[in-house]
Ligand code: 6PG
């Protein structure tokens, strides 16, 4: 696990954009494309905005990028609460990526089980596997109580071993969502957590330095079997870490 702390969210966002550029080019060099899952929430907005502009934008070969979302709220794609909408407005609408390489979670379908399954089928098609796709990068955020993607404390989805995407009902509105599950998160090559603000400090401390209890602090469940986890924190979010 790598932990980096930055003075403020501008610096963190810049470093996150740089890291994404680096991972994209490494992935393209080693296997010809870059597969990334974006998060929702507000923290990554700045990084996505940066990636949409220079000097970052033209350092990524967008023709070789496949974009997914790690969780989504069950709202229409143009809803203010839609994670896709956020990613599209800040980044995807501003870079030369083809529609077919942008994989929106069909979370607004009425049958949420079917929507989750459809997303897995789409992912497996793109990755060319019948098994668990291994993303080059899954970017995540974390809530003040330790949730990540839409895996909230004490939810059954934390114990999911078979399905890769599941519908969940969360305490944070909007309640109906689809989320990646632990087996999919933990197949990633890299996971990047972007976390800022003093309201996250206690959870950051518990997740990184506390006893392993993902039922209480879901972000602890993210321990990729063959990949690495990178935490980018601002000083406020890192303020309760002992080291
Ligand atoms: C979502 C998320 C969620 C988010 C955290 C942190 O759909 O809400 O993907 O896991 O990353 O809640 O959100 P903030 O960055 O807004 O604090």
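The values are calculated or read from the model by the stated rules, or taken from the named source; none is laboratory data. Everything numeric here is computed off the predicted structure, so don't read it as measured data. Don't worry about glycine lacking a Cβ; one is built from the backbone with ideal geometry, like all the others, and counts go over all protein chains shown.
Filter segment 161-180 down to residues that are farther than 30 Å from residue 238 by Cβ and part of a loop (DSSP other than H, G, I, E, B) and give me whichever is nearest to the ligand (Cβ to nearest atom).
175
Suppose the filter is within 15 Å of the ligand (Cβ to nearest atom), farther than 19 Å from residue 1 by Cα and not in a strand (DSSP E or B); does residue 214 pass it?
For residue 214, the condition - within 15 Å of the ligand (Cβ to nearest atom), farther than 19 Å from residue 1 by Cα and not in a strand (DSSP E or B) - is not met.
Kindly list the number of the only condition in (1) surrounded by fewer than 23 Cβ atoms within 10 Å (Cβ to Cβ); (2) outside any loop (DSSP other than H, G, I, E, B) that fails for residue 232.
With respect to (1) surrounded by fewer than 23 Cβ atoms within 10 Å (Cβ to Cβ); (2) outside any loop (DSSP other than H, G, I, E, B), residue 232 is out only on (1).
Specify which of the listed residues (32, 70) is at pLDDT 95 or above and either within 16 Å of the ligand (Cβ to nearest atom) or touching a helix residue (DSSP H, G or I) at 6+ places or on another chain (Cβ under 6 Å) (or both).
Going through 32, 70 in turn, just one is at pLDDT 95 or above and either within 16 Å of the ligand (Cβ to nearest atom) or touching a helix residue (DSSP H, G or I) at 6+ places or on another chain (Cβ under 6 Å) (or both): 70.
Matching residues to (1) outside any helix (DSSP H, G or I); (2) over 14 Å from the mean Cα position of the chain (by Cα):
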site: 12; (1), (2): no, yes
site: 28; (1), (2): no, yes
site: 43; (1), (2): yes, no
site: 46; (1), (2): no, yes
site: 80; (1), (2): yes, yes
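Please verify whether segment 139-146 includes one or more residues that are at pLDDT 95 or above and more than 16 Å from the ligand (Cβ to nearest atom).
No, segment 139-146 has no match at all.
Report, by residue number, each residue of segment 43-84 that is surrounded by fewer than 17 Cβ atoms within 10 Å (Cβ to Cβ), touching a residue at least 12 places away in the same chain (Cβ under 8 Å) and either touching a strand residue (DSSP E or B) at 6+ places or on another chain (Cβ under 7 Å) or within 16 Å of residue 16 (Cα to Cα) (or both).
Selection gives 49, 53, 59, 81.
If you scan segment 85-102, which residues turn out to be surrounded by 15 or more Cβ atoms within 10 Å (Cβ to Cβ) and without any contact (Cβ under 8 Å) to a residue 40 or more places away in the chain?
Within segment 85-102, 85, 88, 89, 92, 97, 101, 102 qualify.
Given (1) surrounded by fewer than 19 Cβ atoms within 10 Å (Cβ to Cβ); (2) in a loop (DSSP other than H, G, I, E, B); (3) within 19 Å of the chain's Cα centre (by Cα), where does residue 107 come up short, assuming only one miss?
If we test residue 107 against (1) surrounded by fewer than 19 Cβ atoms within 10 Å (Cβ to Cβ); (2) in a loop (DSSP other than H, G, I, E, B); (3) within 19 Å of the chain's Cα centre (by Cα), just (1) comes out false.
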